[in-house]
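Some notes on the structure that comes next.
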Amino acid sequence: SWWILELLSHFQIQYAIATAGLLVGFTILRSRFGMIATGLGLVIILAMLLPHYTGGRSPPASNGTELRLVYANVNTRNRDHQSMLDLIRRESPDVIALAEVHEGWANSLASLHEQYPHQVICPQDDNFGIGLWCRHPLEIGEIRYWGKANVPSI
């Protein structure tokens, strides 16, 4: 709920390394409380990290349906729209979600309408434009704007 705290979520590997270093330090110092506290912290961090690196996949939905998703931050300054279109054609995803979409990107991706008839696009002149394209019907309420900066979300 507070974007500054959200930024802390990006450094899980670094937290694991730092916590392991603290655990070694507390072990050298023979601090029982320090070893227990950092050991527990390391277990918690690794429990969150390891599923991302062990190659495990989430089981498909109960009906067996799997969706292919392409997500990309296209970078507002990037003018190479064709590379993204080539990636979409090559990967043939069911859902496409893009960040930093501006009017130029929205125009370039208009050719996706036949393959992805269900779309919600909110291009912006800043770095907060977004877009969602889907082959299947979507239940999307509306684009909402959050915070003082009026950042859109779908």
Spin-label model distance (nm) - LEU49 vs ASP94, 7 Å beyond Cα toward Cβ: 3.2 nm
Surface accessible to a 1.4 Å probe, per residue, for the residues of the stretch 56-154, Å²: 66 Å²
Rounded, prolate or oblate (a/c below 1.5 giving rounded, otherwise prolate when a/b exceeds b/c) for the stretch 67-150 by Cα gyration tensor: oblate
Inter-label distance, nm, simple model (7 Å from Cα along the C-beta direction), TRP2/ILE143: 3.0 nm
Heavy-atom accessible area ranking, 1.4 Å probe, most first, across ARG32, ARG135: ARG32, ARG135
For the stretch 1-136: relative contact order, % (alpha-carbon pairs under 8 angstrom, 6 or more apart): 17 percent
Extension gain (nm, one decimal) between HIS136 and GLN12, 0.36 nm per residue minus Cα-Cα: 41.2 nm
Cα centre as origin, Lys/Arg/Asp/Glu Cβ charges: the chain dipole, Debye: 720 debye
Under 11 Å, Cβ to Cβ, from LEU69 - net charge with Lys/Arg +1 and Asp/Glu -1: -2
Cβ charges +1 (Lys, Arg) and -1 (Asp, Glu), total dipole of the stretch 84-154, debye: 100 debye
Lys/Arg +1, Asp/Glu -1 at C-beta; the chain dipole; positive extreme among HIS81, ILE28, ASN107: ILE28
Cα radius of gyration and Dmax for the chain (Å): 21.2, 66
Residue (of PRO123, ILE13, LEU40) at the positive-pole extreme of the chain, dipole from beta-carbon charges: LEU40
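The values are calculated or read from the model by the stated rules, or taken from the named source; none is laboratory data. A quick note: this is a predicted structure, and the numbers were derived from the prediction, not measured. Don't worry about glycine lacking a Cβ; one is built from the backbone with ideal geometry, like all the others, and counts go over all protein chains shown. Ligands, DNA and RNA are stripped out before the accessible areas are found, and what is left, the full protein with its side chains, is counted by its heavy atoms. Shrake-Rupley method; radii C 1.70, N 1.55, O 1.52, S 1.80 Å.
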